[in-house]
Amino acid sequence: MLVRNFDVDAFREVNWTPRSYFYIFMSLLLMVVRTVAYMYRLRVLTDGQLSWRRCIDVIMLWEFASAVTPSIIGGSAIALFIIHREGISMGRTTAIVLITAFLDELFYILMVPTLFIIVGAESLFTSGGEYVLLNTRFGTQGVFVIGYVFILILTTIIIYGVFVNPRGTKWILLNIFRLPILRRWRYKAAETGDEIIITSREMRTKPAIFWLKAFAGTFFSWTARFWVVNMLIMAFVGYGDQLLIYGRQLVMWVILLISPTPGGSGVAEIAFSGFLGDFIPSGLTPAMGLMWRTISYYPYLFIGAIILPNWLKRVYASKPKPETTIKPPMKTA
């Protein structure tokens, strides 16, 4: 869509100065910061069990999975497989993915009210635009409320499952795997439930510095991700209320979160024009949106496609780890 609406004349009229190239470079640097921060967080959550080299593979494949699956699904299910194949037990892998989701949602839960206070809620929403969800039309504020409530519910479930009642999580797993089609893997489900309980006990005893480090990685990764757009606007336009631009992106992210398309593709481009068009001269919005997606989305498709074959060869060529060995199903009388 952005390519079809690309205005070549408007793009040519941009006054390209050393400042423009500097901010484009900064946007690329922020993508590096985003990736390194994700790797650092993964190192923290695995207690250094994964090397930096393996963290690169995991993060790139995780981002690749997120880019090719609908945003509402995300890459978490595939991340379980990726991290487990790196030699992490399934229970610990499940806890890592859940805590990663918890930290991501916690960042959003904390930052949105903060920006509301600093910028003002009335400035963060656009007056136009309608979105269809479950055959019902919603304005931007309606979609935001739905998304924010969804995030709160998801965070509550994670807190309950990992920190409050992991035994209840095991009970749910065992009951799900009572189904005839899944019964043969019930032993593994019970084993995973036990590992979640053990990992939960371990996570609850982690010192405060552990959580500060993990949240620091989360904060820098998400901040760098959002501020890519700020840098591009500075490159193209040279001015703008940076906190308001940042806040608009937080609201826009909810639209992408519930998008049914892979990586929010299509919806992202429309939302970009709707939320950030106020800061961009007429005709430049498609060019800006295209550059934004080129820097923050498409590279993960190419890098992931390059890493995936070698990663599959590596993890399947290596000897099976003790925790990946599948035990036969329990015999019943």
Of all residues making up segment 288-303, the number that are of a type in the set (Phe, Trp, Tyr), surrounded by fewer than 19 Cβ atoms within 10 Å (Cβ to Cβ) and assigned to a helix (DSSP H, G or I): 2
Only one of ILE153, ILE158 is among the β-branched types (Val, Ile, Thr) and farther than 13 Å from LEU98 by Cβ, namely ILE153
Would you mention how many residues in segment 11-53 are in a helix (DSSP H, G or I) and surrounded by fewer than 16 Cβ atoms within 10 Å (Cβ to Cβ)? 11
Which one of these is at pLDDT below 80 and among the hydroxyl-bearing types (Ser, Thr, Tyr): THR223, THR156, THR205, THR136? THR136
From the list THR93, THR114, exactly one residue is among the polar types (S, T, N, Q), closer than 15 Å to ILE59 by Cα, in a helix (DSSP H, G or I) and over 14 Å from the mean Cα position of the chain (by Cα). Which is it? THR93
Residue satisfying condition, being crowded, with 20+ Cβ neighbours inside 10 Å and either at pLDDT 90 or above or in a helix (DSSP H, G or I) (or both), within set ILE83, ILE56: ILE83
Would you be able to say whether some residue in segment 247-270 is modelled with pLDDT under 70 and charged (D, E, K, R)? yes
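The values are calculated or read from the model by the stated rules, or taken from the named source; none is laboratory data. Keep in mind that this is a model prediction, so the values were computed, not measured. FYI the Cβ positions are ideal-geometry reconstructions off the backbone, even for glycines, and counts take in every protein chain you see.
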